Each structure stands twice: as structure tokens, then as C-alpha cells.
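**Student:** One structure, pasted below without further comment.
The values are calculated or read from the model by the stated rules, or taken from the named source; none is laboratory data. These figures come from a predicted structure and were not determined experimentally. Here the Cβ positions follow ideal geometry from the backbone for every residue, glycine too, while neighbour counts run over all protein chains shown. Heavy atoms of the whole protein, side chains included, go into the accessibility calculation; ligands, DNA and RNA do not. Shrake-Rupley method; radii C 1.70, N 1.55, O 1.52, S 1.80 Å.
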2 protein chains.
Amino acid sequence: MTLTHAYAAQSATTPLAPFTFERRTPTARDVAIDILYCGVCHSDLHTAKSEWGPSAYPCVPGHEIVGRVSAVGAEVSKFKVGDFVGVGCMVDSCQHCQPCADGLEQYCDNGMTGTYNSEEQVSRANTLGGYSDHIVVFEKFVLKISHDEKALAAVAPLLCAGITLYSPLRQWQAGPGKKVGIVGLGGLGHMGVKIAAAMGAHVVLCTTSPGKSEDAKRLGAKEVVVSKNADEMARHLASFDLIVNTVAVAHDLDPFIQLLKLDGTLVLVGAPGTPHPSPGVFGLITKRRRIAGSMIGGIPETQEMLDFCAKHGIVSDIESIRMAQINTAYERMLKSDVKYRFVIDMATVEEPVAA
Amino acid sequence: MTLTHAYAAQSATTPLAPFTFERRTPTARDVAIDILYCGVCHSDLHTAKSEWGPSAYPCVPGHEIVGRVSAVGAEVSKFKVGDFVGVGCMVDSCQHCQPCADGLEQYCDNGMTGTYNSEEQVSRANTLGGYSDHIVVFEKFVLKISHDEKALAAVAPLLCAGITLYSPLRQWQAGPGKKVGIVGLGGLGHMGVKIAAAMGAHVVLCTTSPGKSEDAKRLGAKEVVVSKNADEMARHLASFDLIVNTVAVAHDLDPFIQLLKLDGTLVLVGAPGTPHPSPGVFGLITKRRRIAGSMIGGIPETQEMLDFCAKHGIVSDIESIRMAQINTAYERMLKSDVKYRFVIDMATVEEPVAA
């Protein structure tokens, strides 16, 4: 057992505050990790506040984890003490179904084990996430990080935001000769622009904010379309192979469906609290267009993504915060006041709250 | 020019009535066809009544055409006088865009030329359809029919209803080892059951009518699910590779999305007048499911479908009518009182209306 310093919500209505608990003693196939950095995802906030249904409390959010291996179980061969590693949205899955066998653990037939607010496979204990200085994870769900050590804080958001975009971009074959739209330039969208550009696609950012144009181009977009401008949208009619929509607020999908060419796909990775207005059927039928959903990525694909990003020098654009600033960071996140991801420096977890 | 006997609507509010006009003199690449049979599609009724926007009048519907070649232009090599041929929903397309080059004329970038209520490519004249005893068609849009002559009336609905189901079943790889749902057992759905079964798929009919079970099994379905019965639906959760939804009335898609397994697709081939209620995003995201649209099929695929159906002895289940019965047939079609497609015997086109 390892005493772990963390921040937890004790109820849906209380702010995050210091909390200590014991992590399990590593089993033969576990990896024990000292957490260095943890990204701040919208899901953290939704879960801390029970906005996606009642959460279990105390709730320790955090699933964009980068750390250093502090111990490994007797049967662990892939990792050794001192390795830099990552942990994303999952820490386990049933390991018995076809999706698990196929490395698609996020679609586990029996439900993946989330890094927080989920039931452990064996003990059924509530999982506690990465807003903490230590974690113990089944080796299959630990990722190798080959980025330069100086980049580690900015690597953390790849574990959720990065893979959430990488997976659909791979699944629907973003690459040279393909015109790919990314809708929304936030934590997810800015990763999509970088990754799709590195894949060789012609990347177009669709945004409601004309002010984001310069930043989008710096990140790799060849063009920017202000989606509220009908003339701009009309110039791109029926021209996209793929559009990945990161917007998690209900909005009209039809203008984006109209941008798809024959057999093009609109992939939804943001899940709004209320459904989007209903898309028209004629828009789909007349060009055999498709709408799809995609959720993070499997473990093999997450490793592939990390390796791809290391090779292409891709990290997240981040703002580093101290652990005690988390409640303020949530407030700013709700106002989209972050470019583009907060990352907690876990060395600060034991600092006094008033600091 | 050939004097042609037909039935036309003269306005959105008048019933179909006898009408004569001249077909164009065949050009070097045209095929002149004496029409023997024409199927009756819901689109005919929608167009005759301007229910999909204002139609051009006089309006001669009909795009499930089977006939015998009466003359061919000098450069026509694929057809000769006496051949049995078919004409479906298209009589031309731009022949310049990529979809046309790819044999996907239904998705022509410049708009396919419908068999009726459409503009001819050269003359821009309004096209007049198959409720007539003669038609002249560009050879590229004429299909060979290899079914037995006795089956010709029942072949006619393959030209629209048949290809509308065949194309998505092929596109999304219905076949052995695949569980395929067909939603709705009407003119489209009954073709879907027959064709998917012939492709070797495990076919399940989803219907709101428990009374259709026996018929569905006769047509080739292995199972029938009454979609209003939540227990029956629950037994099929997350088990379908593909569901083709033929229902053209707005309805809740979520129960069908929940039936799809990982990476499964719900294909919409029916276009309701008002959009379906909005499908939930979580249902798509949690299993990378897809919703798609599909519209008839291209000319090469339509020929492939006709050959496939001839080989497997597939025709439509039809009720033969006389031309003068068309208005009554429309009334019955609106009440779904047909198993499963009306086909007009065009030898009756000159019969007195009172007959």
C-alpha cells in the first residue's frame, strides 16, 4: 500500500480539496507510477459534479497521466523503474470479449474500467484518477512515452484529447490527398488540427470564432472556415472526405453534412448533454454520407498515437497549473479561457491550499 | 417521333388520366423500348401530387420499367431489337464528373436525370416516365434483363425497390456470417429480405406488425422482431452488423442504433417528409456506430443486381393492375394495402377509363 496525496470532490457540490488514500500493493502484473503531470479534461469536471449521472464519492478525477515508473510487479517485462509512462482514460477492461482481444478495449462488451469513477475489475472498488501523486495500473494499460523529458507536461493531454482525435483520423483514413475538417478549436480540436496535418491531410478548421484563424494556421490548418458565415461554408460544399466534430454543445449538424463529399463521414467525438437537432435524411441519402461516433482509442492505437506524436514532435499547447488552482481552472475552462489544455504539475499536490 | 400513350397528372390535385405525346426520334446511341410493365413506387405518387416540391406538369410517373427493344440507334452495340430490357430511376447524367466516371450516376455532381420530372441533358425538356407504352433512352441507362420472360412483370420493381436495397447491402458487405436487419416489410423491405437472404446473411425483419412474421420468413428472414416490443428488441442488443431502414415515416432511430454491434451501420433508404427525432450521440460514440444514407444504385451495380436476381430466381411479389386502376392503386398504397408492389400491365394503357 502506498499513501497517495490527491485532490478529490467529496460531493457533487463541493470543490476539489486535498485528500489522501492508499493505492493497492502492486500485483505481479502491475506497474506503480509516480505521477508527474495530469491534464485537465472536461470529463473531469462533468464527473466531479455528477453531471453525467451520479458519481461515486470521494471522486478523484484525472485521466491524462504522465509519470515515472517507481516499481513493477514480478511478471512485468515491458516496463522498468525509471521509465516515463502514460495512463489514459482506461486502467482495465474485461480481457475476455472480442473487442478486448482486438485491442479495442474502449468498446469492451462488458464496459471498460475508467481511470476514475469506475469499478475495478477484481475488487470492484471505485477507481481514483490522476489528480494524485501515485497510481498502480495493470501493465496492459500503461503506455510508453518516447517524447523528450522536457515535453512531458505537454504530452499528458495526448492520453485523452490526442487519442480522441487520432483514432477517428486513422479509422477514416486522414492522409495525403484527403480534405479533413476539424470543428471547434479547443482541447480536442487543437490536437485534431496538429495530428491531421502531420498525417498529411489538407486540414480545414471550422469555428464560430473568426479570431481563431491565426492560431489554427499556426497549428497546421491550411484554411479556416467561420461556420456562421454561410458564404464561406458554401465555398466548401461537398468537398470534405472527413469532418471530426469536437463540439460538445448541441448544434445543427446539417451545414457540416452538406460539406461532405460522396461517401464522406462526419464523426462526432463530443457528446452534448442534449441531442443535436435532428439531421435531415436527404443530406445523407443524396451523397451516401455517413455520421459516426468515436470514443478515445484502444491501447495499441494509443501507443501508436504516442509514437506518432513523438516522431512528429507533437504535444499539446498547455497552461501549467498548481494542484491548488484546480477549482479556478474549472471556472476558466467553462469560459473556454485556456489555450488549449490545463496540466497540473503534480509536484504541487502537497502545497497548502491557500498558496 | 413516336406517338406514346400514357397516363399523366395535369396538376398536383388532379388524378392521373390518359395523355398522349411524342417521344423523341432515337439518336445514334438511343434505344427505343416498347414498355410492357411498369412498377408503382411511392415516389410516383409524391411527384404526381407535388409532395416533394412543385413538379412539372403534365407529369408522367413511373421508373420501374420493363420492355422490349423496338429500335436501336446506329452506334448502339449492346442491344438489339427484341431484347428484354429495363430502365430504372435514371435515364441520363452529366457523364463528365467523377461519380459518373465511377458508375455512380445516382450521385452525379451535376444531378442525375430522373426518369420523370427531370430535365433532359440536351434538350432540357421535362422527362416523362414509364406509365406509358414507349420510351427512348440513352443506351448507357438501359439494363439487360436475363430473367425468364414469364417473370417480366415481377422484375419491374427490381429497377427501383430492388436496387435501393441491393446497393447498401453490397456497400456494407451483407453476406455469410453477417446479421442483417431490414426495418419495414413493404415494397422496399420485402426486396431487402429476399436479396440479403440470397447474399447469405442472417436476415432479421424488424416490423411494427406482428402479423407479418409468417410472410417475412417465407421471403427469407430467419427471425422477426416486433420493434414495439422492448423485450424482443432487448434480445438483439448490439448484435447487428447492418440494419437497412426502409421506413419513410419519421420515427425514433435510437432503438435500432442500440441493436448495432461495434462498427455497425444503420442505413436509411427511406426519406421521411419530416426528419426523424434526433438520434442520441452516446449510442453512436460508445460503439463507433454509424448512420448513413443510400440512394438507389449506379448503372453497373443495377446490372449486377439484375443478374444476381436472375441467378437466384429473385423477383418482386406483385399485384398486377390495369393502367386505368392507377388512382385506386395509389389510394391502396397509402393504406399499405399491397403485397408488395403494384405493377401496371402496359398492354392496358389504351383501355377506356371506365373499364
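**Student:** Placing +1 on the Cβ of each Lys and Arg and -1 on the Cβ of each Asp and Glu in region A:161-293, which of A:V247, A:L262, A:G186 has its Cα farthest towards the positive end of the resulting dipole?
**Tutor:** A:L262
**Student:** Let me ask something else. Take the alpha carbon gyration tensor of region A:69-220, find the square roots of its eigenvalues, order them as a ≥ b ≥ c, and report rounded if a/c is under 1.5; if not, report prolate when a/b exceeds b/c, else oblate.
**Tutor:** Judged from the Cα gyration tensor, region A:69-220 comes out prolate (a/c at least 1.5, a/b above b/c).
**Student:** Could I ask something else about it? Picking from A:A329, A:A230, A:A197, which is most flexible by a Gaussian network model of chain A using Cα springs under 10 Å?
**Tutor:** Result for chain A, Cα springs under 10 Å: A:A230 fluctuates most.
**Student:** When DSSP beta bridges are limited to those with both residues in chain B, what percentage is antiparallel, rounded to the nearest 5?
**Tutor:** Values: 33 of 61 bridges.
The antiparallel proportion sits near 55 percent.
**Student:** Oh, and also: Using Cα centres only, tell me the gap between region B:168-224 and region A:222-279 in whole Å.
**Tutor:** Distance between centres, Cα-based: 33 Å.
**Student:** Which one, A:F342, A:F282, A:F79, has the greatest fluctuation when you compute a Gaussian network model over chain A with C-alpha springs under 10 angstrom?
**Tutor:** The residue that fluctuates most here is A:F282.
**Student:** With every protein chain kept in place and ligands, DNA and RNA left out, what is the accessible area per residue of chain B? Probe 1.4 Å, answer in Å².
**Tutor:** Solvent-accessible surface per residue comes out at 39 Å².
**Student:** Going from most exposed to least, what order do B:K212, A:K228 have by accessible area with a 1.4 Å probe? List each step's numbers first, then the result.
**Tutor:** Numbers: B:K212 60, A:K228 160 Å².
Largest accessible area first, the list is A:K228, B:K212.
**Student:** Could you work out the per residue convex hull volume over the alpha carbons of the protein assembly as shown, in cubic angstrom?
**Tutor:** Cα-based convex hull of the protein assembly as shown, divided per residue, equals 164 Å³.
**Student:** For region A:285-294, just list the computed ³J(HN,Hα) in residue order, Karplus coefficients 6.51, -1.76 and 1.60, θ = phi - 60°, integers in Hz, with x standing in for Gly and Pro.
**Tutor:** Residue by residue, region A:285-294 yields 5, 6, 9, 6, 6, 9, 10, 9, x, 8 Hz.
**Student:** Quick one: pull the percent of accessible area on region B:161-293 belonging to carbon and sulfur, 1.4 Å probe, ligands and nucleic acids left out. Display every interim value, and only then the final one.
**Tutor:** Numbers: 2380 of 4540 Å².
So the carbon and sulfur contribution to the accessible surface is 52 percent.
**Student:** What does the convex hull of the Cα atoms of region B:233-305 come to per residue, in Å³, rounded to a whole number?
**Tutor:** Enclosed volume per residue, from the Cα hull, is 103 Å³.
**Student:** Indicate the residues belonging to region B:280-310 that lose 50 Å² or more of solvent-accessible heavy-atom surface (probe 1.4 Å) upon moving from the chain alone to the assembly of all protein chains, ignoring ligands and nucleic acids.
**Tutor:** Output list: B:V281, B:F282, B:I285, B:R288, B:R290, B:I291, B:G293.
**Student:** Calculate for chain B the 222 nm mean residue ellipticity that helices alone would give, adding -39,500 (n - 2.57) per DSSP H run of length 4 or more and normalising by residue count, nearest 500 deg cm²/dmol.
**Tutor:** -6000 deg cm²/dmol
**Student:** If you build a Gaussian network model of chain B, linking Cα atoms that sit under 10 Å apart, which residue out of B:D215, B:D345, B:D44 swings the most?
**Tutor:** B:D215
**Student:** With each pseudo-label sitting 7 Å past Cα toward Cβ, what's the A:A56-B:N229 distance in nm, one decimal?
**Tutor:** 3.8
**Student:** Grab the beta carbon distance between A:S146 and A:T348, set R0 = 25 Å, and tell me the FRET efficiency rounded to 0.05.
**Tutor:** 0.45
**Student:** Need the C-alpha centroid separation for region B:104-158 versus region A:29-69, integer Å.
**Tutor:** 60
**Student:** Moving to a separate point now. Name the shape class, rounded, prolate or oblate, that the alpha-carbon gyration tensor gives for region A:161-293, where a ≥ b ≥ c are the square roots of its eigenvalues, rounded holds for a/c under 1.5, and otherwise prolate holds if a/b is larger than b/c and oblate otherwise.
**Tutor:** Values: a/c = 1.28, a/b = 1.23, b/c = 1.04.
In terms of gyration-tensor shape, rounded.
**Student:** Separate question: Roughly to the nearest percent, how much of the accessible area of region A:1-112 is carbon and sulfur, given a 1.4 Å probe? Could you put the intermediate results ahead of the total?
**Tutor:** Working: 2560 of 4720 Å².
Carbon plus sulfur share of accessible area: 54 percent.
**Student:** Distances from A:P277 to the same residue in each other copy, label points 7 Å out along Cα→Cβ, in nm, shortest first?
**Tutor:** So the label point of A:P277 gives 1.9 nm to the other copies.
**Student:** Every other copy gets compared here: list the nm distances from the B:K49 label point (7 Å along Cα to Cβ) to its counterparts, shortest first, one decimal.
**Tutor:** 4.9
**Student:** If you don't mind, there's one more thing I want to ask. Could you work out the Rg to Rh ratio of chain A, with Rh taken as the Kirkwood radius (inverse of the mean 1/r over all Cα pairs)?
**Tutor:** Ratio value, two decimals: 0.97.
**Student:** Collect residues whose amide H, placed 1.01 Å from N in the peptide plane, falls under 5 Å from the amide H of A:S50; neighbours closer than 5 in sequence don't count.
**Tutor:** When sequence neighbours closer than 5 places are left aside, the close amide H contacts are A:S55.
**Student:** Comparing the chain by itself with all protein chains present, which residues of region B:238-265 are at least 30 Å² less accessible (probe 1.4 Å)?
**Tutor:** Buried by 30 Å² or more upon assembly, which counts only protein chains, are B:L262.
**Student:** Once phi is turned into ³J(HN,Hα) by the Karplus curve 6.51 cos²θ - 1.76 cosθ + 1.60 with θ = phi - 60°, what whole-Hz value does each residue of region B:114-130 show in order, with x for glycine and proline?
**Tutor:** Per residue, the Karplus-derived 3J(HN,Hα) values read x, 5, 9, 6, 9, 9, 4, 4, 8, 7, 6, 5, 5, 6, 10, x, x Hz.
**Student:** Further, regarding this structure: Between copies, how far does the label point of A:D337 sit from its twins, in nm, shortest first, when each point is 7 Å from Cα along Cα→Cβ?
**Tutor:** In nanometres, ordered from closest: 6.8.
**Student:** Per residue of region A:152-168, what does 6.51 cos²θ - 1.76 cosθ + 1.60 with θ = phi - 60° give for ³J(HN,Hα)? Whole Hz please, x for Gly and Pro, Karplus curve as stated.
**Tutor:** Coupling constants for region A:152-168: 4, 4, 7, 7, 3, x, 4, 5, 10, 4, x, 5, 4, 8, 4, 4, x Hz.
**Student:** Could you check the spin-label model distance between A:E214 and B:E22? Points 7 Å from the Cα along Cα→Cβ, value in nm.
**Tutor:** 6.9
**Student:** Tell me the total accessible area that A and B bury against each other, 1.4 angstrom probe, in square angstrom rounded to 100.
**Tutor:** Working: alone 15260 and 15220 Å², together 27610 Å².
Interface between A and B: roughly 2900 Å².
**Student:** How much of the DSSP bridge set in the protein assembly as shown is antiparallel, in percent, rounded to the nearest 5?
**Tutor:** 55
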